[in-house]
1. At 222 nm, what value in deg cm²/dmol follows for chain A if DSSP H runs of at least 4 each add -39500 (n - 2.57) and the sum is divided by all its residues, to the nearest 500?
2. Whole-Hz Karplus ³J(HN,Hα) for the stretch A:5-22, in order, using 6.51 cos²θ - 1.76 cosθ + 1.60 and θ = phi - 60°, x for Gly and Pro?
3. Measuring with a 1.4 Å probe in the full set of protein chains, what accessible area per residue, in whole Å², belongs to the stretch B:144-290?
4. Order B:LEU215, B:LEU78, B:LEU166, most accessible first, counting only protein heavy atoms with a 1.4 angstrom probe.
5. Would you kindly find the accessible area of A:ARG353, with a 1.4 Å probe and non-protein molecules such as ligands, DNA and RNA excluded, rounding to the nearest 10 Å²?
6. Of all DSSP beta bridges in the protein assembly as shown, what percent run antiparallel (nearest 5)?
7. With a Förster radius of 56 Å, plug the Cβ-Cβ distance of B:ILE71 and A:THR169 into 1/(1 + (r/R0)^6) and report the FRET value to the nearest 0.05.
8. Starting from one equal scatterer on each C-alpha and no solvent at all, send me the Debye-based log10 I(q)/I(0) for chain B at q = 0.09 Å⁻¹, two decimals.
Amino acid sequence: MAKITLSNLAHSYFPNPSGDEDYALKELNHDWVDGEAYALLGASGCGKSTLLNIISGLLVPSRGRILFDDKDVTEAPTAERNIAQVFQFPVVYDTMTVRDNLAFPLRNRGADATYVQQRVQEIARMIGMEEQLNRKARGLTADAKQKISLGRGMVREDVNALLFDEPLTVIDPHMKWELRTQLKALHHEFGHTMIYVTHDQTEALTFADKVVVMYDGRVVQMGTPQELFEQPEHTFVGYFIGSPGMNVLDASVDGTTAIVAGRNVPLGKPYAALTGKVELGVRPEFVQLTSDEGGIPAKIRRVEDVGRHKIVRLDISGQSVDAIIAEADPVPSGSTFVSFDQAGINIYAEDWRVDPIRESAA
Amino acid sequence: MNKTVNQKAWFLILPVLVLVGFSAVVPLMTVVNYSVQDTFGNNVFFPAGLDWFRTNLQSDRMWDSLQRQLIFSAIILLIQIPLGILIALNMPKRGFWASLCLVLMSLPLLIPWNVVGTIWQIFGRADIGLLGYTLSEMGIDYNYTQDWVDAWITLVVMDVWHWTSLVALLAYAGLQSIPDAYYQAAKIDQASRWKVFRYIELPKMQGVLMIAILLRFMDSFMIYTEPFVVTGGGPGSSTNFLSIDLVNMALNQMDLGPAASYSIMYYLVILLISYVFYTIMVNLDKRDGV
């Protein structure tokens, strides 16, 4: 178990990267605190797996250093780092039995036979494969194989970190939930540093203490699920997290008011003058339908009833906006007005969130 | 489901039966026919029962050839299979050098057998051959026409030169099909190089290696052209393999009866060994489940 520090880290798959766009992973400074469970969330191809492979030593970064507890391991081979990693697709040793598969990492480290025996039994119970321990791994179903891969990842107790690269893709939904709960339980019990890569926000939010959101090779925000929900630092975080995602509208901001579609929207807090692309972000949960003509006029395009609530798809002068309203609320037909809850409004300049001017400073 | 019964449908397979009969069954039966008959010339034959089989089985000639043949095939397999795997493991995985290696490796496979024989026949001569001349200049007494050890070494090296590529290419294809994730997982699990070979590469190559072993065994067991061109079975009869011996018997001595029974037994041995291989392969696949 160790604290993992990334310092000025960047990686490009090209031998001579010229511009920013050649980098799969843009410059990054980050500490993974010992014993925390992180989720690394982002769309496919945003550099999540690259980052993971750099931490485990399967890739050597083009620039920057990696430290485990302040010891530089940038050039150290994977074996020396003592990391466990589980991949997206199952990897099992076909000719070995399930038992030998689970014991493999321990035996490679020369662990004591009785310890191996007992540890394998524990892991087999955890992944629910006690019955099949003596069976050859070949010919098992994909999710059984992936459970073995997970088990092999968890079998060593002394690993510096446990990395998961979208490990539950091939597992069926019911088992997914169970395995994720197991992983959480394991984390509480042993306190390993865990990094869990996923593009599924539910998976990320239920698994991790801290969620790291990546976009286009950059870490755009790190925070608790609540922080990601209330104050997305980047418009991408806004619409990637949440269902449906945050509404982002063109706006101009003047002091404590924003102007959206020609209407004034009170912000409740002052902002400095902004230039360039200015947008107002508000989550559907903070959008209300109102008959008050002081609101922003909107056209209702569609209403989706998802059971617990209704999602109203609206059109505000050509931009689409979603609102979530209670199941029992009536939906007016055709045109209506919307208003935004001040607490839920964030202002973005060039896609990055702008802090309001602090009252005390003003 | 209702099936229409129409015996005339048998006529549909008649053309195939005729073709196979003309090209395979009748010639084979001719051989069988010769193997159970004897003649004193003038195209007059009389039944000889199983005499020829008995004679062949009791003479040392066939047993000696069979023994030489088995030893030759065993040596070939013991050298070519490990060597082929070793080469495949060390070939570049992708890029220009991988393509170049593949082309260079395929070249020996494209050379006709008797050309290979001629190349080595000349290559090994002490007077005009590069290899033979170099060896004798180095003071090594090498002469494949006089010394049976030299003759064997020449034939084995020649076959290794000609066919190891095949094993290497097959093994290479097997290795290429292994996803990177396996190697990455092995690194994570801290497996040694040997364990990566033993538990990842070898199991994944198993299928192609069985084919490689089968092909190399059959080819080396039926080898004819190359030793015929290089040594002609000599010195003495030290490189008289089954095919060479058989051709001598059938064409040089015109002993059609013994030669026919010889070739039937030769064929049965090949059939038997193929069957053994087949059974092993099928059982390897079955080993999967519980």
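1. Values: 9 runs with 89 residues, N = 362.
That comes out to -7000 deg cm²/dmol.
2. Result, ordered by residue: 10, 9, 10, 6, 6, 8, 9, 10, 7, 8, x, 10, x, 9, x, 4, 6, 6 Hz.
3. Details: 6570 Å² over 147 residues.
Each residue of the stretch B:144-290 exposes 45 Å² on average to a 1.4 Å probe.
4. B:LEU78, B:LEU215, B:LEU166
5. Result for A:ARG353: roughly 40 Å² accessible.
6. On the way: 64 of 81 bridges.
Rounded to the nearest five, the antiparallel share is 80 percent.
7. Calculated transfer efficiency: 0.55.
8. These q points yield log10 I(q)/I(0) values of -0.65.
The values are calculated or read from the model by the stated rules, or taken from the named source; none is laboratory data. As the structure is a computational prediction, the values presented were derived from the model and not from experiment. So basically every Cβ, Gly included, is an ideal-geometry build from the backbone, and we count neighbours across all protein chains shown. Side chains are part of the model used for accessible areas, which takes the heavy atoms of the whole protein and leaves out ligands, DNA and RNA. Shrake-Rupley method; radii C 1.70, N 1.55, O 1.52, S 1.80 Å.
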